[in-house]
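Below: the structure, in structure tokens.
Rule-based calculations on the coordinates, nothing more; no lab input. Here the structure is a predicted model, which means the values were calculated and not measured. Here the Cβ positions follow ideal geometry from the backbone for every residue, glycine too, while neighbour counts run over all protein chains shown.
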Amino acid sequence: MENIKILFGKKLKELRKKNNLTQARLAELVNVDDKHISCIESGKNFPSADLLVRLCDAFKIEAKDFFEFYHLQEPNDLRKSINSMVKTLDKQELVLAHKYIRTFLLK
């Protein structure tokens, strides 16, 4: 699995671009140097709790939203994660998972 700092950085960049913000403008909104935003986006740094709160305010999101980045993971990492989850399912859960996959993914 990719490092959480890298995934967080990808999520921050995704949100910043979605909101049509430059790194400089976002840095201004959250009161940090734009180089710090760059370092977070590249996975070199991780924001402090205080900065995380300011980022949430800037994007009008909850902190948990910053940690929803399954869609940013590499396909092989996602496959490994899914395989790991499937291995722990009991028969009833496995039948239900199969039903969901067939219904929603294999049209």
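Annotations for the structure displayed:
- Exceeding the 22 Å Cα-Cα cut-off - candidates LYS10/LYS87; LYS11/LYS44; LYS11/LYS99: LYS10/LYS87; LYS11/LYS99
- The chain: relative contact order as a whole-number percent, Cα under 8 Å and 6+ apart: 30
- Here the dipole of the chain is about 480 debye; that uses its Cα centre as origin and unit charges on the Cβ of Lys and Arg (positive) and Asp and Glu (negative).
- Karplus-derived 3J(HN,Hα), 6.51/-1.76/1.60, for each residue of the stretch 11-23, Hz, glycine and proline x: 5, 4, 4, 4, 5, 4, 5, 4, 9, 6, 10, 7, 4
- Entry note, the stretch 23-72: relative contact order of 26 percent, from Cα contacts under 8 Å with a spacing of 6+ residues.
- Ranked from largest, the principal axis spans of the Cα set of the stretch 56-107 equal 44, 23, 21 Å.
- Interchain or long-range residues, amide H under 5 Å from ASN45's placed H: ILE40
- Alpha-carbon centroid distance for the pair the stretch 1-53 / the stretch 66-107, whole angstrom: 29
- Derived value for the chain: Kirkwood hydrodynamic radius 15.8 Å. Basis is the mean of 1/r over every pair of different alpha-carbon atoms.
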